Amino acid sequence: MTALPGRHDNRKNIMEETYLTKIIVLSKEVYREADARVSAYSLDRGRMNLVVRGALKPASKLSGHLEPLNEAEVMVIRGRRFDYVGGARNFLAGRFIRTSLEKTRRAWTALYLLDRAVAREEPDREIYFLLKDFLSRLEKGAVAEADFWLNAFIWKLSARLGFTPELEVCLQCGRNVRAGKVFFRPAAGGLVCAACHTPADLACPTPLAAWLKEIIFRPGQEINYALPPDGFFPALQKINRAFIKHHLAIDFF
Ligand SMILES: [Zn+2]
């Protein structure tokens with residue numbers, strides 16, 4: 001005689017098929033007729049895709065919690081082909097970001113970058129908190145500083161993903177690059193000295209190199225609050241763009 005599963009076994013099955021996690025929604029698209037598919041960065045499982053059933057129906061409350069920029073706690077139901085959202089409660093809703101076109105643009109760049117550059121189901125809590133810190137600074141802070149936070153976010157994210165630039169010695173001759181004219185070589189991912197530089201390298205004044213070091217190597221998920229030295233922002237943007245294009249294969253700004 002086969003034993004019927006008892007109450008205890010049922011409970012165990014339910015536990016295995018659902019779980020709670022916090023997510024930040026990166027993107028959302030129509031999926032099948034009335035559903036949506038959400039790409040999100042989760043605290044416990046890294047980037048993941050989730051299907052929201054009935055999301056396109058006007059009465060769907062669940063769907064409203066799961067807009068890009070939102071942070072939510074979700075109950076995920078494991079499916080055979082997809083994971084589904086069974087319930088959601090949101091905290092950070094990006095209300096003030098959405099009222100500013102400038103802030104929205106920076107936020108979407110960060111979300112897009114994570115969506116594209118990060119592999120699925122590779123959990124990294126530091127990345128989760130880094131994104132959260134970036135979004136809340138954008139939410140509360142001045143529009144004029146939005147670009148700076150985005151740049152700082154990108155450098156810290158790149159470092160978490162394993163692309164840490166060499167900022168101490170010239171990549172070609174090995175000499176210390178703390179003084180004199182210094183250049184950044186995006187393809188090699190670091191600095192070169194004046195003697196070794198080629199026309200393709202980008203100027204990287206030493207105060208800017210020092211600032212980058214401070215941003216990238218300071219431990220923790222918080223974006224360093226110090227603004228880059230005056231007048232160096234255009235150089236920073238150029239380096240940033242070239243570095244991301246080369247190492248993450250994404251072109252933006
Ligand atoms: Zn050199």
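Extending 7 Å from Cα along the Cβ direction at K238 and again at F129 yields two label points whose distance is 3.6 nm. Which shape class, rounded, prolate or oblate, goes with region 169-253 when its Cα gyration tensor gives a ≥ b ≥ c as root eigenvalues, a/c under 1.5 marks rounded, and past that a/b bigger than b/c marks prolate? Verdict is oblate for region 169-253. The angle between the Cα long axis of helix 125-140 and the longest principal axis of the Cα atoms of the chain comes to about 80 degrees, rounded to the nearest 10. Would you mind telling me the share, in percent, of accessible area of region 156-226 contributed by carbon and sulfur at probe 1.4 angstrom? So the carbon and sulfur contribution to the accessible surface is 56 percent.
Quick one: pull the percent of accessible area on region 50-126 belonging to carbon and sulfur, 1.4 Å probe, ligands and nucleic acids left out. Please list the in-between numbers first.
Working: 2260 of 4390 Å².
The C+S portion of the solvent-accessible surface of region 50-126 is 51 percent.
With a Förster radius of 25 Å applied to the C-beta separation of E102 and E222, the computed FRET efficiency comes to 0.65.
On average, how much accessible surface per residue is there in region 82-213, in Å², for a 1.4 Å probe, leaving out ligands, DNA and RNA?
Working: 6100 Å² over 132 residues.
Heavy-atom SASA per residue in region 82-213 reads 46 Å².
With the charge dipole of the chain set up from +1 on Lys and Arg Cβ and -1 on Asp and Glu Cβ about the Cα centre, the Cα lying farthest toward the positive end among the listed residues W108, T206, H246 is that of W108. Taking L157, L111, L20 in turn, the Gaussian network model of the chain (Cα-Cα springs below 10 Å) assigns the largest fluctuation to L20. Between R98, R175, R81, which gets the highest mean-square fluctuation from a Gaussian network model of the chain, Cα cutoff 10 Å? Residue with maximal mean-square fluctuation among R98, R175, R81: R81. Pairs over the 32 Å Cα-Cα cut-off, from the set K140/K245; K103/K213; K61/K140; K61/K156; K28/K213: K61/K156; K28/K213. Computed from label points 7 Å out along Cα-Cβ, the spacing between S136 and D44 is 2.1 nm.
Could you work out the helix-only [θ] at 222 nm for the chain, with each DSSP H run of four or more residues adding -39,500 (n - 2.57) and the total divided by the number of residues, to the nearest 500 deg cm²/dmol? Display every interim value, and only then the final one.
Working: 8 runs with 96 residues, N = 253.
The per-residue figure over the chain is -12000 deg cm²/dmol.
Among K213, K140, K132, the residue with the largest mean-square fluctuation in a Gaussian network model of the chain, with springs joining Cα atoms closer than 10 Å, is K140. Cα gyration tensor of region 105-149, axes a ≥ b ≥ c as square roots of the eigenvalues: rounded (a/c below 1.5), prolate (a/b > b/c) or oblate? Oblate.
Stretched out straight at 0.36 nm per residue, the stretch from E17 to R120 would grow longer than its current Cα-Cα span by 35.2 nm.
The values are calculated or read from the model by the stated rules, or taken from the named source; none is laboratory data. Because the structure is predicted, anything quoted here is derived from the model rather than measured. Every residue, glycine among them, receives a Cβ derived from its backbone with ideal geometry; neighbour counts consider all protein chains shown. Quick note on the areas: whole protein, heavy atoms, side chains included, nothing else; ligands and nucleic acids left out. Shrake-Rupley method; radii C 1.70, N 1.55, O 1.52, S 1.80 Å.
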